[in-house]
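One structure is given below, encoded as structure tokens.
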Amino acid sequence: MSILVTGGAGYIGSHTCVELLNAGYEIVVVDNLSNSSSESLSRVKELTGKDFEFYPINLLHRQDLESVFKRHSIEAVIHLAGLKAVGESVSLPLRYYHNNISGSIVLYELMQEHGVKNIVFSSSATVYGTSGSVPITEDSPLGATNAYGRTKLMIEEMMRDLHVSDPTWSIALLRYFNPIGAHSSGRLGEDPNGIPNNLMPYITQVAVGALKELQVYGNDYATSDGTGVRDYLHVVDLARGHLKALEKVIATTGVEAYNLGTGQGYSVLEMVKAFERVTGRNVPYKITSRRTGDIGVCYSDPTKAERELGWIAYKGIDEMCLDSWRWQTYNPQGYLAANEVAANL
Ligand code: WQD
């Protein structure tokens, strides 16, 4: 029996594949490579010494995905495939609804047809509304404020309806807070297209000199230093959370949401200072206006995942910074092949 990992070539996906293989699972990966590189999967095989089937397909191409279900005996699915850029979702909502929701519907229909009812779904803290207090629990008010977050919320609701229609479904909805960091080898990491939207890859590109300075989006929030506070968790801790959720969905039925975070918030400037301290690099920055859609403070109460999944995020901010920096310095052009890097010089 195999675990089907959709989006397995991506940042979260590749780290999750490493943990699955190291834990002895057989895996099958599908990914349309729209926001990832197959190089990450070659490195997953290198790091684990394990082999697996990879299909470069789009979930929306039903016949291609059906052939995977026909070729493999799938025990459970870890569904990570999806577009995830908040800003892009605001300007291209139909692309996000089509890709994220329609792609999920095709996947769930095929799971149902092939009797596969165990699924771990990659959701997000962006499903929480902006009015709630912190720390955020799974019972905090929901209410996405952008198309990306709404696709995640709608997919969560779709899966709850699926479970009502057939209580043999076993579903874990993992609400990620802010994943950062990289595999300690420096061989896997976050490889954003173009100028990074997210804080850590932007910091590492400033530190390496690829970008001039960090724009700090506002210092007038009600926080210790006025800058935005987030719950950053190491991507390897996040990956391990998928394995704990997988064990649960295989062993039980039902549908449950879990916050995957550390429960600890750090401000932008605290992150910059931690990064400079552990790497010895300078990160010049400039305070600018707030980014549209940002909230001031967001961090989790992760105790439900600790209680019900036996999962806790162990890695601290120093390790997150060091591993991010190692990835950046070992891979100045991300997963671009060395010959492509040379050609770009
Ligand atoms: C973190 C903090 C910014 C960049 C994102 C998306 C979504 C979700 C989680 C998947 C904020 C500040 C950032 C910069 C800055 N992922 N910042 N200068 O917005 O919390 O959430 O990641 O579901 O992708 O919602 O993360 O890293 O963009 O921002 O000052 O150049 O850093 O204002 O306070 P965010 P982020």
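Each value in this text was obtained by applying a stated rule to the coordinates, not by laboratory testing. Keep in mind the model is a prediction, meaning the values are calculated, not measured. Neighbour counts are summed over all protein chains in view; Cβ atoms, including those assigned to glycine, are modelled from backbone coordinates with ideal geometry.
Mean silhouette area of segment 197-302, derived from the convex hull of its C-alpha atoms and averaged over all directions, reads 8.2 nm². Spread over its residues, the convex hull of the C-alpha atoms of segment 217-277 is 107 Å³ per residue.
Look at T262, T168, T16, T303 and count the other Cβ atoms within 10 Å of each Cβ; fewest to most, that gives T168, T303, T262, T16.
Remark: relative contact order (segment 164-298) = 39 percent; criterion is Cα-Cα distance under 8 angstrom and separation of 6 or more residues.
Entry note, the chain: the mean residue ellipticity at 222 nm calculated from DSSP H runs of n ≥ 4, each adding -39500 (n - 2.57), is -12000 deg cm²/dmol after division by the residues and rounding to the nearest 500. Normalised by the number of residues in the chain, the mean separation of alpha-carbon contacts (under 8 Å, six or more apart) gives a relative contact order of 19 percent. Placing pseudo-labels 7 Å out from each Cα toward the beta carbon at L33 and D166 gives an inter-label distance of 3.3 nm.
Could you calculate the FRET efficiency of D64 with A23 from 1/(1 + (r/R0)^6), where r is the beta carbon distance between them and R0 is 41 Å, rounded to 0.05? Computed FRET efficiency for D64 and A23 comes out at 0.90.
First obtain the Kirkwood hydrodynamic radius of segment 2-344 from its Cα pairs, then insert it into the Stokes-Einstein equation at 10 °C and 1.306 mPa s, and state the resulting D in µm² per second as a whole number. The Stokes-Einstein estimate is 78 µm²/s. Against the compact-protein benchmark of 2.2 N^0.38 Å, the Cα-based radius of gyration of segment 244-328 scales to 1.44. List the lysines whose Cα sits under 22 Å from the Cα of K50, skipping any in the same chain fewer than 8 residues away. Filter leaves K244. Taking 19 Å as the straight-line reach from the Cα of K273, the lysines in range (excluding those fewer than 8 positions away in the same chain) are K212, K286, K315.
Fully extending the segment from R290 to D51 would add 81.5 nm, taking 0.36 nm per residue of separation and subtracting the current Cα-Cα distance. Here the label points at M158 and I250, each 7 Å from Cα along the C-beta direction, are separated by 2.6 nm in the simple model. What the pair-distance distribution of segment 298-340 shows, using all Cα-Cα distances binned every 5 Å from zero, is 5, 17, 14, 15, 13, 12, 12, 8, 4, 1 percent. Shown here are the Rg and Dmax of the Cα trace of segment 60-209, at 17.3, 54 Å. If the segment from E113 to E319 were pulled out straight at 0.36 nm per residue, it would be longer than the present Cα-Cα gap by 69.8 nm.
Full extension of the chain between I195 and E270 gives 24.8 nm of extra length, using 0.36 nm per residue less the Cα-Cα distance. As a calculated quantity, the FRET efficiency between S42 and D225 at R0 = 41 Å, using C-beta atoms, amounts to about 0.45. Using R0 = 41 Å, the C-beta based FRET efficiency linking S91 and I312 works out to 0.65.
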